[in-house]
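Asker: My structure is below; once you've seen it, I'll send some questions.
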Amino acid sequence: MNKGNISLFLRSLRLLYVFDYLRFYSEKSLKRKINKEFKRQNPFIKLPTDYILYESFALNYHSYYNEGKDSAIKLVELLSKYKSLENLNILD
């Protein structure tokens, strides 16, 4: 049985939200130590809510921040040939 079929089955029983909620708190518990350490080392970095990070980056603050930063730099490099970015301080 694949993940899609399981989701459909749980949705039909109106239990999908309950299982998602339990899975979220399980992930949050598993990542608590590494995320706490990331926040200690980077106290000024603003992060989205844990649930949003759970949906997109498996609730890993380090992965969210560093992969997002790498993607932003690549995007700026890609677009810089079309527009001057002299006044932007995003590559510091």
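Coordinate-derived values only; no laboratory data. Just so it is clear, the structure is predicted and the values come from calculations on it, not from any experiment. Cβ coordinates were reconstructed from backbone atoms using ideal geometry, including for glycine residues, and neighbour counts include every protein chain displayed.
Asker: For region 2-52, build the charge dipole from Cβ charges (+1 Lys, Arg; -1 Asp, Glu) around the Cα centre, then report which of Phe19, Ser29, Gln41 sits farthest towards its positive end.
Answerer: Final value for the positive-end residue is Gln41.
Asker: Starting from 0 in steps of 5 Å, tell me what percent of the Cα-Cα pairs of the chain lands in each bin.
Answerer: Pairs per bin, as whole percents: 2, 11, 16, 16, 13, 12, 11, 8, 6, 4, 1, 0.
Asker: Continuing with the same structure: As a footprinting exposure proxy, order Leu53, Leu47, Leu15 by other Cβ within 10 Å, with the fewest listed first.
Answerer: Leu15, Leu47, Leu53
Asker: Let me ask another. If you put +1 on each Lys and Arg Cβ and -1 on each Asp and Glu Cβ, how big is the dipole of region 3-79 around its Cα centre, in Debye rounded to 20?
Answerer: So the dipole magnitude of region 3-79 works out to roughly 320 debye.
Asker: Given springs between every Cα pair under 10 Å in a Gaussian network model of the chain, which of Tyr51, Tyr65, Tyr17 has the largest fluctuation?
Answerer: So, out of Tyr51, Tyr65, Tyr17, the one fluctuating most is Tyr17.
Asker: What trypsin sites (Lys or Arg not before Pro) in region 10-87 are in a loop by DSSP, with at most 12 other Cβ atoms within 10 Å of the Cβ? List each step's numbers first, then the result.
Answerer: Details: sites: Arg11, Arg14, Arg23, Lys28, Lys31, Arg32, Lys33, Lys36, Lys39, Arg40, Lys46, Lys69, Lys74, Lys81, Lys83; in loops: Arg14, Lys46, Lys81, Lys83.
Answer by residue number: Arg14, Lys46, Lys81, Lys83.
Asker: By how many nm would the segment from Lys36 to Leu8 grow when fully extended, if each residue of separation counts as 0.36 nm and the alpha-carbon distance is taken off?
Answerer: Residue separation times 0.36 nm, minus the Cα-Cα distance, leaves 6.6 nm.
Asker: Something else now. Full extension from Leu75 to Phe24: what is 0.36 nm times the residue separation minus their Cα-Cα distance, to one decimal in nm?
Answerer: Separation in residues times 0.36 nm, less the Cα-Cα distance, equals 15.3 nm.
Asker: Running a GNM on the chain with Cα contacts under 10 Å, which residue among Ser71, Ser80, Ser29 ends up with the highest mean-square fluctuation?
Answerer: Highest fluctuation of the listed residues: Ser80.
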